[in-house]
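For reference, the structure discussed in these notes is given below.
The values are calculated or read from the model by the stated rules, or taken from the named source; none is laboratory data. Note that the structure is a prediction, hence the values are computed from the model and not measured. Backbone-built Cβ (ideal geometry, glycine too); neighbour counts: all protein chains shown. These area figures cover heavy atoms from the full protein model, side chains too; ligands, DNA and RNA do not enter into them. Shrake-Rupley method; radii C 1.70, N 1.55, O 1.52, S 1.80 Å.
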Amino acid sequence: MTATQAFEIKGASSQQPVTVPFVGRSMPRVEDAALLTGVARYADDLPVKPGTLHAAILRSPHAHADLLDIDTAAALAVPGVAAVVTGADARRFASPFLVGIRAPMEHWCLAIDRVRYVGEPVAVVLADSRYIAEDALDRIEVRYRPLPPVTSIAQALEDGSEPLHPAVGSNLVNSRSFRYGDPEAAFARAARTVSVEVEYPRNSCTPMECFVVLADYDGAEDSYEVLSNFSGPLAVHPVMARALNVPGSRLRLKTPPHSGGSFGNKQAVFPYVVLMGLCARVSGRPVKWVEDRLEHLMAATSATARRMRIEAAVEPDGRVLALRMEQTEDCGAYLRAPEPASLYRNHGNLTGAYDIPNLAVTNRIVVTNKTPTGLNRGFGGGQLYYGLERLMNRVAAELGLDPLDVIRRNLVAADAMPYRTASGGTLDSGDYRATLEQAVREGALDALKARRDTLRTEGRLYGIGYAAVVEPSISNMGYITTVLTAGERRKAGPKNGAQATASVAVDPTGGVSVTVASAPQGQGHRTVLAQVVADVFGLRFEDIRVNTDLDTGKDAWSIASGNYSSRFAGAVAGAAQVAATRLRGRMAALVAGQLNCRADDVRFAGGKVFSDANPDNSLSFSRVAAAGHGRRERCPTGRRRRCARPPSGPRSR
């Protein structure tokens, strides 16, 4: 019996079949056959429409400069060149992107009057081939007036530094202060204070596959159809639609079956979705653009840099009573959606895993002449925890305590769960202290200490570090409104985003299809979803067909949809389980009369549907599936309206 077969244990004929769940078992991945045989379909592998033009982007060589003039005549004269798109076209057909703070700064898909980072798109050549387009780039003449670049947080805060956005008047574009509990009183009564100041540098992950966009414009419908390896969140779908001057229903966004990694970086393809949509409109033909590796390294995205000062009110035993925090975030040249999320995503758990009831925090955002920042491997988390854990280590050092003991004394206790953090987040469960002791035990800390001591006697450098991190996932997008004032938040209303969509359908032959709004990047979505849904229906693993190609024109999705923030298992797979369970309930109601039992007593296992009380009287799953397709006389009383259509997938949000 192979691992892909459902394990079915049968006793006497009157006993129910017992199926061992697929969830929790190691399975051969559904995805691997295509990957290992080279038939996987990435964005660049997909066919293009007849007449598709290929795009090459002219990028700024300057970090900061006024854009004085662009002469495209020589490029347009190259045989095979169909169009050259510039900022003038952007002004005519597009709009600037929405900015996540209230400040008079504009970010367009092409530079309009100034370039603000090396690699910023200045013009796009559209030609019959990429080779022709690249050659034509060299014929574009651009006149710049260089300006002093701003390259650090410190320089951005200096009086007299050249403002990137003159209408703002400063490179400090936002500052917000928050106070929770009574930090002033806690500092007044504390035995001492301990502080650290840290600089967290910009950093980036690099997926194997670069950005790819295929865009088309339908002039008759004033609508765009775009395929790209965008990973989400689809909270930026309205941002893209607005930048293209169309309602969201007129921007159809599709994703390919496979994607070569992301680490959050693929989210930053969205400005190019708008740019290539603009190019398709200007040229009147479909457009394809594939980012090369040099473009990606130069201008794709990165994590934010952060300067952080934290001060703790501390008792003699290392117990922390309060924190004062100053965080200054470098978001690069523009606040590109969803920024300033890197600064605010962790706002609800600024105190990490620790029971610290009092908190004062000031958040500041600066712009510099660097690539705009965005999602990057736990965005905003590393910056916070680096400073917070350095502080806890400093507390131990200054008080002469064991760093691990300081962590132990400050961890939220298991009996305090669910725990409300000082800044309003909820730690719903967990035994952090038991987890720590397990890590000490299974990590063989005593052996590590012995090894450290031995190597130090030999003059070697050897250290052991500790960190306790609680990381939010699934993403409640309400944190974004924290950047607003209290009055503005009340006006905006509550925000969420902790939701997912899934559709489950059963066809007349008993085949089960699952569709989710989450673009996989190697995690094994199709395998996991097949396990989850097979367990719900008591079917074989291979009976479940999973589709992860997202099409916003056909599929269920929400602004939270996408593959980011460790949300697949907790949200997407959970939504698929709920959808499958609801559909199973409808099918149970459909056949309960035939089985002479209540719908609640109908069971699904081993490819059969039967009564709990009489498993010998069973129907095949395929027969039950067929009964729900167009046979109204089979519908139970009161359910004819629902059963008149196929029992295709309920959608769970």
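Odds and ends about this structure:
- Whichever residue in the stretch 427-439 is among the hydroxyl-bearing types (Ser, Thr, Tyr) and at pLDDT 95 or above and, among such residues, is most open to solvent (accessible area, probe 1.4 Å): THR435
- Condition met for ASP89 (at pLDDT 95 or above, acidic (Asp, Glu) and surrounded by fewer than 15 Cβ atoms within 10 Å (Cβ to Cβ)): no
- Considered as a group, the residues in the stretch 120-148 that are part of a helix (DSSP H, G or I) and of a type outside the set (Asp, Glu) include one that is most open to solvent (accessible area, probe 1.4 Å), and that residue is TYR131.
- Of all the listed residues (ARG489, ARG456), the sole one being open to solvent by 50 Å² or more (accessible area, probe 1.4 Å), assigned to a helix (DSSP H, G or I) and more than 30 Å from ALA575 (Cβ to Cβ) is ARG456.
- Checked against (1) within 22 Å of THR548 (Cα to Cα); (2) hydrophobic (A, V, I, L, M, F, W, C); (3) over 17 Å from the mean Cα position of the chain (by Cα), ALA243 meets all criteria but (1).
- Of ARG584, ARG603, all but one fail to be of a type in the set (Lys, Arg), at pLDDT 90 or above and in contact with an Asp or Glu (Cβ under 8 Å, 6 or more places away or on another chain); the exception is ARG603.
- Restricting attention to the stretch 459-486, the residues being out of contact with any strand residue (DSSP E or B) (no Cβ under 7 Å at 6 or more places or on another chain), surrounded by 12 or more Cβ atoms within 10 Å (Cβ to Cβ) and among the hydrophobic types (A, V, I, L, M, F, W, C) number 7.
- Close pairs from the stretch 526-547: first assigned to a strand (DSSP E or B), partner among the aromatic types (Phe, Trp, Tyr) and surrounded by 21 or more Cβ atoms within 10 Å (Cβ to Cβ), Cβ under 9 Å, at least 6 apart: ILE544/PHE537
- Unmet criterion (only one of (1) of a type in the set (Gly, Ala, Ser); (2) free of Cβ contacts under 8 Å to residues at least 40 places away in the same chain; (3) on the phi > 0 side of the Ramachandran plot) for SER161: (3)
- Residues considered: PRO520, PRO494. Of these, the only one that is of a type outside the set (S, T, N, Q), buried (at least 20 other Cβ atoms within 10 Å of the Cβ), under 22 Å from the mean Cα position of the chain (by Cα) and part of a loop (DSSP other than H, G, I, E, B) is PRO520.
- In the stretch 573-603, residue surrounded by the fewest Cβ atoms within 10 Å (Cβ to Cβ) [restricted to those that are touching a Leu at 6+ places or on another chain (Cβ under 8 Å) and touching a residue at least 40 places away in the same chain (Cβ under 8 Å)]: ALA573
- One residue alone among THR151, THR193 is within 27 Å of TYR344 (Cα to Cα), in a strand (DSSP E or B), modelled with pLDDT of 95 or more and open to solvent by 60 Å² or more (accessible area, probe 1.4 Å), and that residue is THR193.
- For the stretch 21-35, the count of residues that are farther than 30 Å from ARG285 by Cα, at pLDDT 95 or above, open to solvent by less than 80 Å² (accessible area, probe 1.4 Å) and in contact with a Lys or Arg (Cβ under 8 Å, 6 or more places away or on another chain) is zero.
- Counted residues, the stretch 158-190 - those being more than 30 Å from HIS64 (Cβ to Cβ) and open to solvent by 80 Å² or more (accessible area, probe 1.4 Å): 4
- Flag if GLU295 is open to solvent by 10 Å² or more (accessible area, probe 1.4 Å), farther than 23 Å from VAL48 by Cβ and either touching a residue at least 40 places away in the same chain (Cβ under 8 Å) or not charged (D, E, K, R) (or both): no
- Condition check for ARG364: in contact with a Lys or Arg (Cβ under 7 Å, 6 or more places away or on another chain) and open to solvent by 10 Å² or more (accessible area, probe 1.4 Å): no
- In the stretch 298-330, the qualifying residues are those that are within 30 Å of ASP402 (Cβ to Cβ) and outside any strand (DSSP E or B), and the one that is least open to solvent (accessible area, probe 1.4 Å) is GLY318.
- Any hit, the stretch 418-426, residues being part of a strand (DSSP E or B), open to solvent by less than 60 Å² (accessible area, probe 1.4 Å) and touching a strand residue (DSSP E or B) at 6+ places or on another chain (Cβ under 9 Å): yes
- Screening GLU488, GLU442 for residues that are modelled with pLDDT of 95 or more, acidic (Asp, Glu) and farther than 29 Å from ALA580 by Cβ leaves exactly one candidate, GLU442.
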